[in-house]
Structure formats: structure tokens, C-alpha cells
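Each value in this text was obtained by applying a stated rule to the coordinates, not by laboratory testing. A quick note: this is a predicted structure, and the numbers were derived from the prediction, not measured. Here the Cβ positions follow ideal geometry from the backbone for every residue, glycine too, while neighbour counts run over all protein chains shown.
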Amino acid sequence: MGRPGQGVIRPLASAAVWLPWDLAMVLAAVAFGASMLVRPASRRRREARAVLRELGITTGLYALWRLSGEVVLMGTERARSRGLSVWHLERTLHLPNELTLQRWTLHALWLVRFANLYYVIMHVAPLGVFLVWLFFRHRDRYPEWRNLLFFISIACVAIQLVPVAPPRLYPELGFIDTGAVYGPRVYAAGESGQLAAMPSLHVGWAVLIGWSVWRLGSGPLRWIGWLHAAVTTYVVEVNSGSPIGPRACSFWVEMPISAPKPNCSPSVNRVDVFTMTAALSQLATNRLAAG
């Protein structure tokens with residue numbers, strides 16, 4: 001156990017790496033092409049074709065999400081003032097103070113580093129495990145939950161078009177950037193990506209996993225998703241990565257929409273591949289034209 005200020009603290013190495021949208025587009029095209037080359041002559045081939053097709057769809061949606069995240073409608077110069085406005089609004093509404101939780105956690109250095117490591121690693125890894133589990137164990141329900149995941153991601157990106165600085169960028173309020181001080185850190189110093197603090201996609205994905213596993217799973221497995229959502233919310237608080245007010249609202253907004261109807265027709269749940277490809281091509285063209 002360690003405490004801040006005792007000796008020299010050496011931060012752990014930086015960690016977060018995202019697949020670029022253009023490479024994801026190439027992988028999606030390769031997966032789609034491979035799926036069309038596989039003839040469904042046997043059960044194994046049909047399964048392989050379904051996996052390749054879904055890999056293409058998921059990778060293509062990921063590319064669309066990553067590409068849309070590079071668009072900013074409003075400049076970053078007012079991100080700090082917006083963050084302060086959110087902070088003062090939370091204090092006016094007497095919402096829980098994330099600074100208190102961070103100060104409690106700072107008494108245990110191992111817990112701080114665990115929180116930072118969980119923040120870095122467990123953002124994407126549980127989502128991949130969840131999608132694989134859903135695809136092979138609940139194939140009939142998979143499309144609707146995958147589409148909902150994409151909708152939530154795009155909705156978060158749409159809100160994040162207005163940059164808001166996270167609490168960790170306000171040392172004058174008492175916050176510490178635990179990733180920069182103790183490691184591992186998610187963002188490089190000055191990286192504009194951390195201005196997409198509201199709402200927290202970490203929490204959004206974790207809540208979706210928790211809610212869907214609760215609805216589709218059985219036995220003790222039903223609690224694993226909610227445990228992940230609770231731990232994710234805690235580590236985001238410790239990392240000071242997002243204001244608590246918008247994050248709390250995301251629970252109550254996402255819960256009602258995270259309940260796809262079991263009797264939806266396949267045409268509603270199916271992703272239109274051609275529409276998705278056209279959207280990707282248009283966004284890519286605009287991005288490349290802008291330099």
C-alpha cells in the first residue's frame with residue numbers, strides 16, 4: 001500500500017491503442033469478400049460464412065464510429081469553460097462529488113493503479129467477449145443488441161461533437177490526473193480525444209453489457225455484467241474521466257432503450273450492408289478531401 005507524496009512515484013507505461021478507421025474499413029471489406037467466397041455446402045462452411053459476414057459488419061460499424069468521432073462541430077477552445085459549467089451545475093444540484101471518491105482511493109496506490117489499468121484494458125476487451133458470447137449463444141438476439149450497441153456509440157459521438165473537458169484537467173479544483181501521475185495513462189499529454197468527456201462511452205458500453213447479460217443470461221452469469229458496469233463507473237470516477245451528472249443520466253436513458261423487442265421482425269434487426277458501405281464511403285471521401 002502506498003500514499004501520494006511518499007518517495008518517487010514512477011507512472012506505469014501508457015497503453016490505449018485503437019484500430020484506425022481506414023484499416024478497419026479494409027478489414028471489413030476483406031471479411032465481406034471472404035464471406036462471399038465461402039460456399040454454404042456444409043454446416044461448418046455456413047458457420048464460417050456467418051462469422052466472416054458478422055466480422056465484416058462489426059468491423060465496418062467500428063470504422064464508421066471511429067470516423068465519425070474525428071468530426072468536431074465546435075472548437076475545443078471553450079471545452080474548459082463548458083466543463084466548469086457542468087461542475088458548478090452539479091454542485092448546485094448537490095450531486096455526489098467525484099473528487100471525494102478520488103481522494104479516498106488515493107490512500108491506496110495499488111487501488112489507483114488497478115483503476116487506471118481497468119480503465120485502459122476493460123473498455124474494449126469485455127465488449128469483444130460479450131459480442132462473441134452473444135453471437136454463439138444467442139444468435140437470434142444478436143443483431144438487435146449489436147445494432148443497439150452501434151446506436152449508443154453513435155449517439156455518444158453525436159453529443160461529444162461539443163467538446164467538454166473532463167474533471168482531471170482541473171487541478172485547481174483538486175483533481176489529479178491519476179493516469180498521468182501513477183499510470184498507465186490513456187491519453188497522451190494534450191491529446192484532444194480526452195475532451196470527449198460527456199457522456200462516458202466507458203460507462204455506456206458497460207451498462208449495455210450489464211443489462212443485456214441480465215436479460216439473456218442465467219444463474220450467476222447474470223450478475224457479471226452488472227459487476228463490470230459498477231467497477232467501470234468506479235474507475236471512471238477515480239480517473240476523473242467524465243462528469244458524474246451526465247454519467248448518471250446515461251443509466252436512466254439507456255436502460256429503457258436497452259430492451260430490444262423479442263418479436264421484432266428480421267428486417268428491423270438486420271443491418272443494411274449497402275447503406276452502411278455507402279455511409280462509410282461518403283465519410284471517408286469527405287475526410288480525405290478535407291486533407
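So the values come out like this:
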{"quantity": "Charge tally in the Cβ shell below 14 Å around His138, where Lys, Arg are +1 and Asp, Glu are -1, His138 excluded", "calculated": "+3"}
{"quantity": "Point-to-point label distance, Val231-Arg44, nm (Cα→Cβ direction, 7 Å offset)", "calculated": "3.6"}
{"quantity": "Anisotropy class of region 79-160 from Cα gyration tensor, a/c 1.5 cut", "calculated": "oblate"}
{"quantity": "Estimated distance in nm for a label pair at Ile159 and Asp22, the labels positioned 7 Å out from Cα along Cα-to-Cβ", "calculated": "3.2"}
